[in-house]
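What follows is a short report on a single structure.
The values are calculated or read from the model by the stated rules, or taken from the named source; none is laboratory data. All of these numbers come straight from a predicted model, not from anything done at the bench. No Cβ is skipped: glycine too gets one built from the backbone with ideal geometry, and neighbour counts run over all protein chains shown.
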Amino acid sequence: MDERFRGLGVALVTPFRTNGGVDYAGLEKLLEHQITGGVDYVVSMGTTGESVTLTKDEKKQLLATTIELVRNRVPVVLGVGGNNTAEVIETLGSFEMDGVDAILSVSPYYNKPTQEGIYQHYKAIAQVSLRPIILYNVPGRTGSNMTADTTLRLARDFKNIIAIKEASANLDQMGRILKHRPKDFMLISGDDALTLPIIAMGGEGVISVVGNALPNEFGALVHAALKGDLTTARKEHLRLLEVIDLLFAEGNPGGIKYVLKVLGICDDTMRLPLVNISEGTAKKLYQALADAEVVKL
């Protein structure tokens, strides 16, 4: 089992300036917040990073800058996925991979491939990838679910497929993966709100959204749960639950960018078609942060 990806991983937002460009000063502040907050690894250009709105040149610069700013203090995972297998492979080959520790690749979206199509997609990627691969199942975004059988088949057939980020919210499906997985294959939560039950079932941690803003607080939950300290983990889970729910009330990453702005880490600028959260949701979220003793009213 690759212990580098056990614990709290954070799917980084991409900070933007008000003129729409990438805010590298904000990125530096965000990364320092992560590392001093005790995260175990970071994920660049996942869904939370608004990767689909970035140009090819922006992606290369963003990755290079992230690696430079991290300075080998935590592992870096690169998000590379899509619904055109050949293009995903081409994109993988276009990145400078020094400093990249693993790839996070989402299951093909929109096309709605069969399970065999999903398997063949990941097989093609696994055969060319120079880094370990973390599968990513998120049916709410892709329009199709990768079944436990497909996940297990991939885990058994390809040694460089080391984990899955599971965001199906299907605990029965996750239980089947945990029961029948190869001993070195990891199941990682893709839902902040389900992190505690998933770790209690045998999962290895989370790739988190709330961790962008609250790495220390959410890390306390994750690390306590992994140590079997469920009393502490339950306390943190319940303390942060309303915050987590409201983060996603109007989609991701609008909620977490609002919190990052409140904390003075980076601006909450989004790229269309995403927009900022409404004033009503912002007020509720600020109240939830105050109730969780993160900010003061």
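Could you go through segment 61-71 and let me know if any residue there is of a type outside the set (Lys, Arg), over 18 Å from Val100 (Cβ atoms) and out of contact with any Gly (no Cβ under 8 Å at 6 or more places or on another chain).
The initial filter retains those residues of segment 61-71 that are of a type outside the set (Lys, Arg), namely 61-70.
Among the residues that remain, those that are also over 18 Å from Val100 (Cβ atoms) are: none.
Within segment 61-71, not a single residue is of a type outside the set (Lys, Arg), over 18 Å from Val100 (Cβ atoms) and out of contact with any Gly (no Cβ under 8 Å at 6 or more places or on another chain).
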In segment 1-22, residues that are in contact with a strand residue (DSSP E or B) (Cβ under 8 Å, 6 or more places away or on another chain) and at pLDDT below 95 total 2
### Task
Would you confirm whether any residue within segment 239-246 is free of Cβ contacts under 8 Å to residues at least 40 places away in the same chain and of a type outside the set (D, E, K, R)?
no
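Kindly establish whether Val295 is touching a Gly at 6+ places or on another chain (Cβ under 8 Å), more than 14 Å from Leu8 (Cβ to Cβ), among the β-branched types (Val, Ile, Thr) and surrounded by fewer than 16 Cβ atoms within 10 Å (Cβ to Cβ). Give the steps one after another, and end with the answer.
Values: touching a Gly at 6+ places or on another chain (Cβ under 8 Å): no; more than 14 Å from Leu8 (Cβ to Cβ): yes; among the β-branched types (Val, Ile, Thr): yes; surrounded by fewer than 16 Cβ atoms within 10 Å (Cβ to Cβ): yes.
No, not satisfied.
Let's see how each residue does on (1) charged (D, E, K, R); (2) surrounded by 15 or more Cβ atoms within 10 Å (Cβ to Cβ):
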{"position": "Thr55", "(1), (2)": "no, no"}
{"position": "Val74", "(1), (2)": "no, yes"}
{"position": "Glu87", "(1), (2)": "yes, no"}
{"position": "Thr114", "(1), (2)": "no, no"}
{"position": "His121", "(1), (2)": "no, yes"}
{"position": "Ser129", "(1), (2)": "no, yes"}
Expected output for segment 248-276 (first residue within 14 Å of Phe16 (Cβ to Cβ), partner small (Gly, Ala, Ser) and part of a helix (DSSP H, G or I), Cβ below 6 Å, 6+ apart or cross-chain) is Tyr258/Ala282; Cys266/Gly26; Asn276/Gly254
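Modelled with pLDDT under 95 and either of a type in the set (Val, Ile, Thr) or farther than 25 Å from Tyr41 by Cα (or both): does that describe Lys296? Walk me through it before giving the result.
Values: modelled with pLDDT under 95: yes; either of a type in the set (Val, Ile, Thr) or farther than 25 Å from Tyr41 by Cα (or both): yes.
So Lys296 passes the test.
Here are some residues: Val13, Val52, Val74, Val42. Which one is in a strand (DSSP E or B) and either within 29 Å of Tyr109 (Cα to Cα) or in contact with a helix residue (DSSP H, G or I) (Cβ under 7 Å, 6 or more places away or on another chain) (or both)? First the steps, then the outcome.
Values: Val13 fails: in a strand (DSSP E or B); Val52 fails: in a strand (DSSP E or B); Val74 fails: in a strand (DSSP E or B).
None of the other options fit; the residue is Val42.
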Sole miss for Gln61 among (1) farther than 22 Å from Glu32 by Cβ; (2) assigned to a helix (DSSP H, G or I) is condition (1)
